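Participant: After the structure tokens below, expect a handful of questions from me.
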Amino acid sequence: MSESVTVFETTYKRYLTQLAACDYLGRAAMLGGEVGDEALTLPFLTEPFSISPKRVTGPEGDEAGFSESVVLFNYILRCPALLPARQGWITYREVKDSGPLAVHFSNNAVVPVEERFAGKVSELAERCASFGGQPDLSCTGYDFAVTFDLLPRIPMALRFNDADEEFPAACSLLFASDVGSWLDPESLVILAVFFIQKLTL
């Protein structure tokens, strides 16, 4: 067994232990999930994932990947007692303690959208719609603006200006100001990059 596999398994088991020690089912309403068969079901990028102290399963009943599981574990374990105040949108750099991962976020979440959809705004709109994106008609000054619910309490706004004769394509990814109450910066990067990888296929 490789060292990386051992680390992943140890981390996964630690999260399962932490989940078993908390009232994870009692957090369903706050997290925007549902309870069934001693498991908490949450929509992860619009698809239902089931989380229990035994394992995390995806929409087809198969064991979820490590990255998806880590995000879901952290989302549940960090659940606040009360809904935090929300005041507009913030960039990833504005998330507390995000500094060390800001370049990684830009290179792996923002830049791929700019490169993949430059000159293809209509295709971007179609792809976003297929992932549950809702056009943000109130957001002016962009060629295309849309919002997603990556998790029930984790909305993300995508704003895109296509390339023209003077400027290259430009993308902005924004999060609700309370995102730090729900996910740590590393989990947020994992979630955003995972989504963008699916969007840009």
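Participant: Under a cut-off of 21 Å between alpha-carbon atoms, report the lysines in cross-link reach of K13, not counting same-chain residues fewer than 8 places apart.
Facilitator: Cα-Cα hits under 21 Å: K54.
Participant: Hydropathy first: keep DSSP H helices in the chain averaging at least 0.5 on Kyte-Doolittle, then drop any whose Cα extent along the axis falls short of 15 Å, and list what survives.
Facilitator: What comes out of the filter, once short or polar helices are dropped, is 66-77, 185-199.
Participant: Would you be so kind as to identify which of S130, V193, G65 lies farthest towards the positive end of the dipole of the chain, taking Lys and Arg as +1 and Asp and Glu as -1 on Cβ and the Cα centre as origin?
Facilitator: Projecting each Cα onto the dipole axis, the largest value belongs to G65.
Participant: Okay, moving on. Determine the gain in length on full extension of the stretch T11-L137; use 0.36 nm per residue of separation and subtract their C-alpha separation, reporting nm with one decimal. Before the final figure, lay out the partial values.
Facilitator: On the way: separation 126, 0.36 × 126 = 45.36 nm, distance 4.21 nm.
Value of the extension gain: 41.2 nm.
Participant: Oh, and also: Could you give the length gained on full extension between S106 and M30, defined as 0.36 nm per residue of separation minus the Cα-Cα distance, in nm? Please list the in-between numbers first.
Facilitator: On the way: separation 76, 0.36 × 76 = 27.36 nm, distance 3.00 nm.
Gain on stretching S106 to M30: 24.4 nm.
Participant: Find how many whole Å separate the alpha carbon centroid of the stretch 20-68 from the alpha carbon centroid of the stretch 115-152.
Facilitator: Here the answer is 27 Å between Cα centres.
Participant: While we're here: Only Lys, Arg, Asp and Glu count, each charged at its Cβ (+1, +1, -1, -1), so figure out the dipole size of the chain about its Cα centre, rounded to 20 debye. The partial results should precede the final answer.
Facilitator: Values: 15 positive and 27 negative charges, 125 e Å.
Once rounded to the nearest 20, the dipole reads 600 debye.
Participant: Return the sequence-ordered ³J(HN,Hα) values of the stretch 100-106 in whole Hz as given by the Karplus equation 6.51 cos²θ - 1.76 cosθ + 1.60 applied to θ = phi - 60°, using x for Gly and Pro.
Facilitator: Running phi through 6.51 cos²θ - 1.76 cosθ + 1.60 with θ = phi - 60° gives x, 10, 4, 5, 4, 4, 4 Hz.
Computed from the coordinates by the stated procedures, all read-outs in this text should not be read as laboratory data. In this text the structure is predicted, and so the values were computed from the model without any measurement. Note that each Cβ is placed from the backbone with ideal geometry, even for glycine, and that neighbours are counted across all protein chains shown.
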